[in-house]
Amino acid sequence: MGRIYRVMIIDDEESARKLMRAGIAWDSIDMEVVGEAASGIEAINIIDDIKPDIVFVDISMPFMDGIEFTEVAKDRYPGLIIIIMTAIDKFEYARKCVSLPVFDYMLKPMVRAEVLKTLERAREKLDREGVAYADNLDETFAEPSQDPGGMEIIRKYLDENFTDPKLNLAFTAQHFGFSSSYLSRRFKQETGKNFVEYLTELRMNKAMKLAGEGVKMFRTSAEVGIPDPNYFGRCFKKHTGKSYSEFVSSETGKQQ
């Protein structure tokens, strides 16, 4: 058996994601669904942890649509196979974007047999090229350890730029000329913190400050670099143990 390829599904409709996950016998084609996202913003925030080989992305989503996601993702992950999903009324819009390096476009509602054909072609391409998301991670780059302050410079960069919604591990690695895996490993070694956790902590600490001032959640989420309020809400609750509204209420109570 060959390698098991990793699939990610990005769609703002939960029912569409569930149908996609349940409608294909993934193990029969040597694939597994390793992650989902409800928006392009959420996907960009979690893609470094998920490390997919193939991404299905809906063209029409709030905060960052499928086209914007594709532009960002292909720039950072050249080996990634992207399949755009689009409803018939958006199909011409999708066709206008053929200059983007998209593997295929599929009409919704998708037919299982067509999905399987597309996935078979995608697997053949990955088998043939042997270059997927995870395969590029150990390229030789200049070592930050040559500069003892290397990680401090990167931490300072994160401290000053964490409100940029496109900032993630791959974006930062690309900016400083490292591979994602190398930066992730060295960042943990030299700071004692996981890169993604550190970035999320910066965003959530700022969010807690704004929540304490009574700022509305949609404004706070935009100001800390997570403009998708649903994804922001999940991050905030995981970090604080309270929903945003509960946190605001508790802080207001302290001030009285």
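The values are calculated or read from the model by the stated rules, or taken from the named source; none is laboratory data. All values derive from a computational prediction rather than experimental measurement. Reconstructed Cβ throughout: ideal geometry from the backbone, glycine too, with neighbour counts over all protein chains shown.
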Output the residues belonging to region 205-231 that are over 17 Å from M61 (Cβ atoms), out of contact with any Asp or Glu (no Cβ under 7 Å at 6 or more places or on another chain) and of a type in the set (G, A, S). A207, G214
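Having 2 or more residues that are touching a residue at least 40 places away in the same chain (Cβ under 8 Å) and either assigned by TED's automatic domain parsing to the domain that holds E251 or of a type outside the set (D, E, K, R) (or both) is the bar; report the helices (runs of 4 or more DSSP H) wholly within region 178-227 that clear it.
Working: elements: 180-191, 195-212, 217-223.
Hits in region 178-227: 180-191, 195-212.
Table: residues versus (1) in contact (Cβ under 8 Å) with a residue 40 or more places away in the chain; (2) in the same structural domain as L167 (by TED's automatic domain parsing); (3) assigned to a strand (DSSP E or B).
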{"site": "D27", "(1), (2), (3)": "no, no, no"}
{"site": "E36", "(1), (2), (3)": "no, no, yes"}
{"site": "E42", "(1), (2), (3)": "yes, no, no"}
{"site": "V55", "(1), (2), (3)": "yes, no, yes"}
{"site": "P62", "(1), (2), (3)": "yes, no, no"}
{"site": "E68", "(1), (2), (3)": "no, no, no"}
{"site": "V115", "(1), (2), (3)": "yes, no, no"}
{"site": "T118", "(1), (2), (3)": "no, no, no"}
Would you pick out the residues in region 159-174 that are part of a helix (DSSP H, G or I) and within 17 Å of the chain's Cα centre (by Cα)? L169, A170, F171, T172, A173, Q174
Please find, among K74, K18, the residue that is at pLDDT 95 or above and in a helix (DSSP H, G or I). K18
Residue tally, condition on the phi > 0 side of the Ramachandran plot and buried (at least 17 other Cβ atoms within 10 Å of the Cβ), over region 216-256: 1
